[in-house]
2 protein chains.
Amino acid sequence: MNSIQDLIEFARIDTTSAKGRGEEGAKFIKDYMESHGIEARLIRHRSKNPYVYGEINVGASKTLLIYNHYDVQPAEPLEKWNSDPFQPVIEGDKIIGRGVGDDKGSLMARLQAIIEMGRPPLNVKFIYEGEEEIGSPNIDSFLNDYRDLLRSDYVLWEGAGKGPSGAPSIVLGVKGLLYVELTVRTPKDLHSMYAPIVTNPAWELVKILTSLKAEDKVAIPGFYDKVRHLSDEEIMFLKGDRKSMESALGQEVPNDFQRKLVEEPTCNIAGLLSGYTGEGSKTVIPSYAMAKLDFRLVPDQDPEEILSLLQTYVKNAEIKVWGKVRPYRTSIKSKIARSLIESAKEVYGVSPEVIPNSPGTGPMESFARILQNNQIADGVGVEHPGSNIHSFNENIHISDYHMSREWMKSFIKHLAQP
Amino acid sequence: MNSIQDLIEFARIDTTSAKGRGEEGAKFIKDYMESHGIEARLIRHRSKNPYVYGEINVGASKTLLIYNHYDVQPAEPLEKWNSDPFQPVIEGDKIIGRGVGDDKGSLMARLQAIIEMGRPPLNVKFIYEGEEEIGSPNIDSFLNDYRDLLRSDYVLWEGAGKGPSGAPSIVLGVKGLLYVELTVRTPKDLHSMYAPIVTNPAWELVKILTSLKAEDKVAIPGFYDKVRHLSDEEIMFLKGDRKSMESALGQEVPNDFQRKLVEEPTCNIAGLLSGYTGEGSKTVIPSYAMAKLDFRLVPDQDPEEILSLLQTYVKNAEIKVWGKVRPYRTSIKSKIARSLIESAKEVYGVSPEVIPNSPGTGPMESFARILQNNQIADGVGVEHPGSNIHSFNENIHISDYHMSREWMKSFIKHLAQP
């Protein structure tokens, strides 16, 4: 096994799921597993790209399920790349190519580590998806139909790499989401000379939006009731470099930005539309005003409950729901979290950054609910803050890749300890 | 002279200024005046369509300037018309055709009345514009360059017809306008997971908009300071049919809607735009949020002053100005207002509706300022509430047309009395 060369070979295969590609990548990784003595097969379910399933059953009492995906984001715009995205190149300590970070690198580093372990000290199951980059539209039905096959004690998520602090990252959950569209309507557009005597839906919408916030907090009664606050230990493990965050966002951020990102649910205006929005002036009273709102929810808020609170609170707008995802958080005291933290310390010699839940949203809660598993965590990834995942010149450091393989081995050993 | 037949002949000429037409209509009306002994000429100024100027100098001490326009709105959509818009037809008491209401009918009824008077008891000047329906882009410079020619004691505006109450309408002014665009920006769009720690321009804009209103009043300090309130007499002459207004607007209106339309300045949201406004969801923190606002101003508010108050009050938005028009109001005690009211009573046998200023905006203040004339009023028009001006099947009642001619004669007699 030549670890880097094998990754490069894998990354040469275009698995852009948005373009319907992936089959060849699925076969490559199945063959790779089999050639290294791991039982593997393709599962053709409702998705176009097959799932790759693998298993090492050593007869242990505990089983780790490893989730990765072999598909990648479109590489376009190609002219921004310094090299062919599907002909990975090595420059000094870097490998540059589409997918070397997200997620082929993490997939391969973990897999190679387990192969190198020979017989791991616990059972390992592998599930590789080919539709993650198009939003995993079939993952719930797949999990439902294959829940017995995927039964496990721990789930290792797709791979968190190094954070801006330089320490390895561990992520124990995700925020949830409620995405709604509020609309206020009147029968027709009117000449604005009638403004003194009629209702303007744009003003009504502004009133409603204003009522949703009070001093930067969400003002919907009951909104914060179910927020699970961070423990002192969880706060202790937060890291983050304020300067690099500000430079990435182009805005100042508060001192406790890391905690806010994890712990604060939000009501964000993602879109506004009413009346005339072109060049110059049109004196119209619009008949229609719309706001798109995304609520990022934290454990243990439930999007259904938040929607119901919103519907009770906002009386004068239509509310259309565009999305609901539940938040999820694995305990920092869980075996999987402990094992990730201890192994990271051992391998990297520094305390890792532990994020109780990502500020973003993902389908972790589906895994937890359908597979009845409450130890799901993300770690052992190969990326660094400059990896440009989803963008051009995607890259990883070769040194990080090798460290991840070591982390994987140490993690599995810790996890297998009674 | 066959009054109706002559109007129909005039209306057959397509004078759609938005399509560059008008010359033929200008020549028609100049010839019509000359053929009835009125000195007339075309004035080629900066506009594409010439101005038609006419004059009857009887050596009186007072002069009335009559303003009308010979151009019309585009007739499209043609399929909505029951007949050819430029082949006027008579159906019962109605003439149907483009421009028979706005403004060829009023132009012709007034002109024919004066012709029928033979030698009017005061000097009369006529100025007919060919660009009114495209916003009179050259009227200010024309007035400036021809202020001596247009010198007069009174100006009769283009023609107010009958209101929904059935009484003839007199309009003594217009509202002004300040049209601005407020914009709040940040350096770039961001993933909405950063909502807990960054500024969202859409929320900032909502805060600013909210600060502009307090219980349906404009909350900009000093905004109402210069509002000239209506006198008891002005209020007495207001009429209006609430039911027909509600049916026209498709909304309920307050009991005192007529007074509010005249006396209340407004801050209207004419447009809102921020972030994602398409189908479905995008979880974005927009980098840009924009509101278009039109302030309708009443005498004696000044758009420059209101802009300055706004700029002082709103600190966190760019303010771009798209339009400024000053309001104007002629006194109800003026000679021209008295003459219109008395003549209307005499001819129609009812008290007219007198609107101190229209809820809409127009260039009356330019006439007042440039021509140094503070007796400008609108009346003696041929339209009725169902005339569909600017729309399809534009029409007037033949009986209203004849009544307007009588009103014109009586008005001139009253105006000429010492």
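Side notes on the structure shown:
- Test: residue in the stretch A:373-389 that is out of contact with any Asp or Glu (no Cβ under 8 Å at 6 or more places or on another chain), within 19 Å of A:Ala113 (Cβ to Cβ) and among the small types (Gly, Ala, Ser): yes
- One residue from B:Glu234, B:Glu264 being over 18 Å from A:Tyr194 (Cα atoms) and crowded, with 17+ Cβ neighbours inside 10 Å: B:Glu234
- Given (1) at pLDDT 95 or above; (2) among the polar types (S, T, N, Q); (3) more than 20 Å from B:Ala11 (Cβ to Cβ), index of the condition B:Ser136 fails: (1)
- Residue list for the stretch A:217-245, filter: assigned to a loop (DSSP other than H, G, I, E, B) and within 11 Å of chain B (Cβ to nearest Cβ): A:Gly240
- Being within 24 Å of the chain's Cα centre (by Cα) and hydrophobic (A, V, I, L, M, F, W, C) holds for only one residue in A:Ile38, A:Ile43, A:Ile56, and it is A:Ile43.
- Residues that are under 14 Å from B:Thr183 (Cβ atoms), part of a strand (DSSP E or B) and touching a residue at least 60 places away in the same chain (Cβ under 8 Å), drawn from the stretch B:273-288: B:Ser274, B:Gly275, B:Tyr288
- The set of residues from the stretch B:235-272 being without any contact (Cβ under 8 Å) to a residue 12 or more places away in the chain and basic (Lys, Arg) comprises B:Lys243, B:Lys260.
- From the list B:Ala248, B:Ala291, B:Ala270, the lone residue that is more than 7 Å from chain A (Cβ to nearest Cβ), in a strand (DSSP E or B) and closer than 29 Å to B:Glu365 by Cα is B:Ala291.
- Members of the stretch A:372-405 found to be over 21 Å from A:Lys104 (Cβ atoms) and touching a strand residue (DSSP E or B) at 6+ places or on another chain (Cβ under 7 Å), listed by number: A:Asn373, A:Gln375, A:Ile376
- Strands (runs of 3 or more DSSP E) fully within the stretch A:49-98 counting 2 or more residues that are within 25 Å of A:Arg21 (Cα to Cα) and in contact (Cβ under 8 Å) with a residue 60 or more places away in the chain: A:51-56, A:63-69, A:94-96
The values are calculated or read from the model by the stated rules, or taken from the named source; none is laboratory data. This is a predicted model, so every value here is computed, not measured. Don't worry about glycine lacking a Cβ; one is built from the backbone with ideal geometry, like all the others, and counts go over all protein chains shown.
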